[in-house]
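The values are calculated or read from the model by the stated rules, or taken from the named source; none is laboratory data. Keep in mind the model is a prediction, meaning the values are calculated, not measured. Virtual Cβ from ideal backbone geometry, glycine too; neighbours counted across all protein chains shown. For the accessible areas, the whole protein counts, side chains as well, though only heavy atoms, and no ligand, DNA or RNA atoms are used. Shrake-Rupley method; radii C 1.70, N 1.55, O 1.52, S 1.80 Å.
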Amino acid sequence: MVETDNPLVLVARDGPVAVLRLNRPSKLNAISSALEGALQTAISRPEVSSSRCVVVTGGAKAFSAGADVSEMRAVDAESVFAYYAASGAAYEAVASLSQPSVSAIAGYCLGGGLELALATDFRVAEETATFGLPELDIGIVPSSGGTMRLARFVGAAKARELVLLRRRIPAGEAHACGLVTELVPEGESFARAMEMAAALAELPPLAVTLARRAIDAAAESSRATALFIEQLAYATLVQGGESQSRIGRFLRKD
Ligand code: COA
């Protein structure tokens, strides 16, 4: 693991896979604006931008216990929107990565920590991990894509359980409802996430990007537009050398 200029997020590279590790263990990786800034800086580093897949992870006790509550002082609406345009944009920066991403989750995955995990394509979680959105306990709401992405992934009924009933659900339940992609024994989330990332990294990058964008667009478009986007993606890819050589290999049974 290479320590970067900002030790709040460590960056490492393993072959085609970049690893971003939240590194604020004394505060259970509570996401301060400094940590969000470090995350954005990390994403723009060459080790990450040139990678084929990104793994986001935390520590053994916490992927992240959420947004840093100590920073939540009363501020005016203007400052809040300035925040979302600056360090608060880190979650969208993760969701907008051109390469696929996988979260490796151990321990607490709460509030903003869960929102960060939801911004990645896949979530590999240890059986002992815990998920929740406790924001309403302190009188606020998840606001970094939490309600929006969670409801898309698990449906509005389950999202209500986490947001309104503030249920902290074990990883097994999170897996059963589709929030967690894969459940693994304690201590194995990082290794499994790296395996998944290595497999994703072998796929043709443009096809992966277009597939991810088409899936995202489908949630926001009419049926006709969503179908047109996937047809456009197919038309773009099928003309390309990468796809033609893969099709040729399949037909020759190489
Ligand atoms: N923001 C700021 N600091 C946090 C934090 C957060 N979201 N979550 C944990 N921390 C800090 C604690 O204040 C403590 O700091 P200290 O040692 O300087 O006092 C340190 O991290 C360890 O946390 P602690 O509460 O002592 O650990 P625990 O094992 O007893 O409890 C949790 C773990 C996750 C249950 C508990 O820390 C918690 O409920 N955190 C807040 C979760 C939350 O509400 N997140 C959403 C915010 S919108």
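Numbers at a glance
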quantity: Verdict on Leu165 being surrounded by fewer than 14 Cβ atoms within 10 Å (Cβ to Cβ), at pLDDT 95 or above and over 22 Å from Glu92 (Cα atoms); calculated: yes
quantity: Wholly within the stretch 58-134, helices (runs of 4 or more DSSP H) carrying at least 1 residues that are charged (D, E, K, R) and within 14 Å of Ala30 (Cα to Cα); calculated: 112-118
quantity: Yes/no for Ala89 being within 16 Å of the ligand (Cβ to nearest atom), among the aliphatic types (A, V, I, L, M) and either more than 23 Å from Thr130 (Cβ to Cβ) or out of contact with any His (no Cβ under 9 Å at 6 or more places or on another chain) (or both); calculated: no
quantity: Helices (runs of 4 or more DSSP H) lying entirely in the stretch 150-254 (those with 1 or more residues that are of a type in the set (Val, Ile, Thr), touching a residue at least 24 places away in the same chain (Cβ under 8 Å) and not assigned by TED's automatic domain parsing to the domain that holds Arg123); calculated: 205-218, 223-238
quantity: Hits in the stretch 92-126 (condition: within 12 Å of Ala65 (Cβ to Cβ) and of a type outside the set (Phe, Trp, Tyr)); calculated: Gly107, Cys109, Leu110, Gly111, Gly112, Gly113, Leu114, Leu116
quantity: For Ala125: the one exception among (1) surrounded by 15 or more Cβ atoms within 10 Å (Cβ to Cβ); (2) at pLDDT below 95; calculated: (2)
quantity: Within the stretch 134-177, tally of residues that are under 16 Å from the mean Cα position of the chain (by Cα) and under 27 Å from Phe81 (Cβ atoms); calculated: 12
quantity: Members of the stretch 9-29 that are in a strand (DSSP E or B) and open to solvent by 10 Å² or more (accessible area, probe 1.4 Å); calculated: Leu10, Ala12, Arg13, Asp14, Arg21
quantity: Complete set of residues in the stretch 58-86 that are among the acidic types (Asp, Glu) and either open to solvent by 20 Å² or more (accessible area, probe 1.4 Å) or away from the ligand (no atom under 16 Å from the Cβ) (or both); calculated: Glu71, Asp76, Glu78
quantity: Failed item in (1) free of Cβ contacts under 8 Å to residues at least 40 places away in the same chain; (2) open to solvent by 10 Å² or more (accessible area, probe 1.4 Å); (3) within 23 Å of Val55 (Cα to Cα), with Ala95 passing the rest; calculated: (1)
quantity: Qualifying residue in the stretch 145-158 (condition: within 10 Å of the ligand (Cβ to nearest atom) and out of contact with any strand residue (DSSP E or B) (no Cβ under 9 Å at 6 or more places or on another chain)); calculated: yes
quantity: Test for Arg45: is it basic (Lys, Arg), under 28 Å from Ile215 (Cα atoms) and modelled with pLDDT of 95 or more; calculated: yes
quantity: Residue count for the stretch 30-57, restricted to those that are part of a loop (DSSP other than H, G, I, E, B), surrounded by fewer than 22 Cβ atoms within 10 Å (Cβ to Cβ) and either within 14 Å of the chain's Cα centre (by Cα) or within 16 Å of the ligand (Cβ to nearest atom) (or both); calculated: 1
quantity: Of residues in the stretch 98-137 being among the hydroxyl-bearing types (Ser, Thr, Tyr) and touching a Lys or Arg at 6+ places or on another chain (Cβ under 8 Å), the one farthest from Gly172 (Cα to Cα); calculated: Ser103
